There are 2 protein chains.
Amino acid sequence: MAAKRSGALGKRSGRRKMASPSAPEQHGEPSLSLERIVATAVDLLDAHGVDGLTMRRLADCLGSGVMSLYWHVDNKEEVFDLALDSALEYRGPPRTAETPDWRPEVALMLEDWRAGMLRHPWSAALLSSRALGPNILGRLELLGATLSRAGVADADLNVAIWSLWNYVMGATITRTSFDVAGNDRSATRQRPAHPGGAYPTIQRSRLLLDDDWIGTFRKGLDLLLAGIAPRS
Amino acid sequence: MAAKRSGALGKRSGRRKMASPSAPEQHGEPSLSLERIVATAVDLLDAHGVDGLTMRRLADCLGSGVMSLYWHVDNKEEVFDLALDSALEYRGPPRTAETPDWRPEVALMLEDWRAGMLRHPWSAALLSSRALGPNILGRLELLGATLSRAGVADADLNVAIWSLWNYVMGATITRTSFDVAGNDRSATRQRPAHPGGAYPTIQRSRLLLDDDWIGTFRKGLDLLLAGIAPRS
DNA sequence: CGATTGACTCGTACATTGTACCATGAGAGT
DNA sequence: ACTCTCATGGTACAATGTACGAGTCAATCG
């Protein structure tokens, strides 16, 4: 109850400088702003991963003092939330005609979502442990609407949406995590460490060596989509 | 390249005390051991979540000095790896007769896996960003073997395994994350925060309010399993 | 005009973390 | 008695998130 505005009020509501007339900035450091902070955070995350983002580093990149950030942002958590939502920005459907064929449409949609997350490899893991921002909700909404328009019964809608969500999330998280770990850590365990042949099936199918992520993703997705029945 | 044994050699190979004859311990603090460390770490994780596990706290719970841990363990990361693998310990299949019906068998298997992760809510998120330990590999192996025995063609095996893995991981991570966040953070965003009705489909289907996790999980899983065809 | 206010910046300071380094002790083998 | 290895743990340090409060500057009000 004590301090500040703690929550939804005040502070970063009014922009800054309120669009100052001519040009007191626009060259070196255009002062601070939520947008700039978030954009820089995304860059840092892309470049150095989740652990690479520290408030100090962020401030350095912005050419400001560390504590200045805290005027625009409550805490580091919020930086994560905002960066996440910004990275997964959702540009509406290409151009939805009238659903000529819904399955490829949904597949395309989910592939785009997945591609977006892969472009920012930190995002998938973060998304799973964080509140859903407006952009992700937008994607969910579009997915639901498309399925519904395709004729999926309301009773089956949630199952369909969640199944797809789960699948995409799982696939993307696994993928990014393998990528990151593949270089050092997991290499020790996955790649060579099957001396006695304790895992014959895995070894035979070369499960952990399979590099065709896109293909596997697509096929599994088709499997799921095939199970989703329009009408009933 | 400098220090210690850096990697796979020495140190915690020989147990400890080499099974000392009578009883210099077994009451207050039975000295340290990898097993005790890992077990306590799991308890701490269960009780306080990922952030609640600190080396100091772990040492306190064990009644030892902080640095003593580092004789048994390289670093905190390794504690996580070990705790994870220990939490997901895999007790073989109940009793595999001869595959009377493979689909329920696989479903049971995956539900058990999921239940195991839900019993340790920190494990799902951790598993996704970490190398696979022997216990998880064991589960994967059993899954693959079962599918293979059920007649899934080798060419389709990887897709089937990964699809199921992805689905289970996504579902479980989402579930635990919603649980954790549901109390405070996400409540602000998910539950009431749809004033203008920006997400009509989501709202109508009550997607984010649906609490029937088990049912949804099961149905989605059935969807997937139905798509996996034995033989071809 | 000067005083006040409020938006915004940032240096200092602190608590908390992982862990490097080093000193210590216990038991076994010589 | 000595030394060697196993094992413990205290001290110390660097990195982090962030509370606190002092500073700046422009707009507003008297």
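The values are calculated or read from the model by the stated rules, or taken from the named source; none is laboratory data. The structure displayed is predicted, hence computed values, not measured ones. All Cβ positions, glycine included, derive from the backbone under ideal geometry; neighbour counts span all protein chains shown. Please note that ligands, DNA and RNA were not included when accessible areas were found on the heavy atoms of the full protein model with its side chains. Shrake-Rupley method; radii C 1.70, N 1.55, O 1.52, S 1.80 Å.
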Do we find that residue B:43 is away from DNA strand C (no atom under 13 Å from the Cβ) and free of Cβ contacts under 8 Å to residues at least 12 places away in the same chain in this structure?
-> no
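One line per residue, one yes/no per condition, for (1) in contact with a His (Cβ under 9 Å, 6 or more places away or on another chain); (2) over 29 Å from residue B:51 (Cβ atoms):
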| residue | (1), (2) |
| --- | --- |
| B:69 | no, no |
| B:77 | no, no |
| B:83 | yes, no |
| B:104 | no, yes |
| B:114 | no, no |
| B:121 | no, no |
| B:124 | no, no |
| B:128 | no, no |
| B:131 | no, no |
Would you pick out the residues in segment A:49-62 that are exposed (fewer than 14 other Cβ atoms within 10 Å of the Cβ) and either outside any helix (DSSP H, G or I) or in contact with a Lys or Arg (Cβ under 8 Å, 6 or more places away or on another chain) (or both)?
-> A:49, A:54
In segment B:31-61, residues that are near DNA strand D (Cβ under 8 Å from one of its atoms) and of a type in the set (A, V, I, L, M) total 2
Residues that are open to solvent by 40 Å² or more (accessible area, probe 1.4 Å) and in contact with a Ser or Thr (Cβ under 9 Å, 6 or more places away or on another chain), drawn from segment B:134-153 | B:149
Taking the condition of a type in the set (S, T, N, Q) and within 7 Å of another protein chain (Cβ to nearest Cβ), does residue B:166 pass?
-> yes
When segment B:98-133 is examined, which residues are found to be open to solvent by 30 Å² or more (accessible area, probe 1.4 Å), under 18 Å from residue A:171 (Cβ atoms) and either in contact (Cβ under 8 Å) with a residue 40 or more places away in the chain or in contact with a strand residue (DSSP E or B) (Cβ under 7 Å, 6 or more places away or on another chain) (or both)?
-> B:125
Every residue from segment B:222-231 that is within 8 Å of chain A (Cβ to nearest Cβ), hydrophobic (A, V, I, L, M, F, W, C) and not in a loop (DSSP other than H, G, I, E, B) = B:223, B:224, B:226
Among helices (runs of 4 or more DSSP H) entirely inside segment A:79-160, those with 1 or more residues being away from every other protein chain (no Cβ under 14 Å) and acidic (Asp, Glu) are A:102-119
Restricting attention to segment B:1-38, which residues are open to solvent by 50 Å² or more (accessible area, probe 1.4 Å) and either modelled with pLDDT of 85 or more or of a type in the set (S, T, N, Q) (or both)?
-> B:6, B:13, B:22, B:26, B:35, B:36
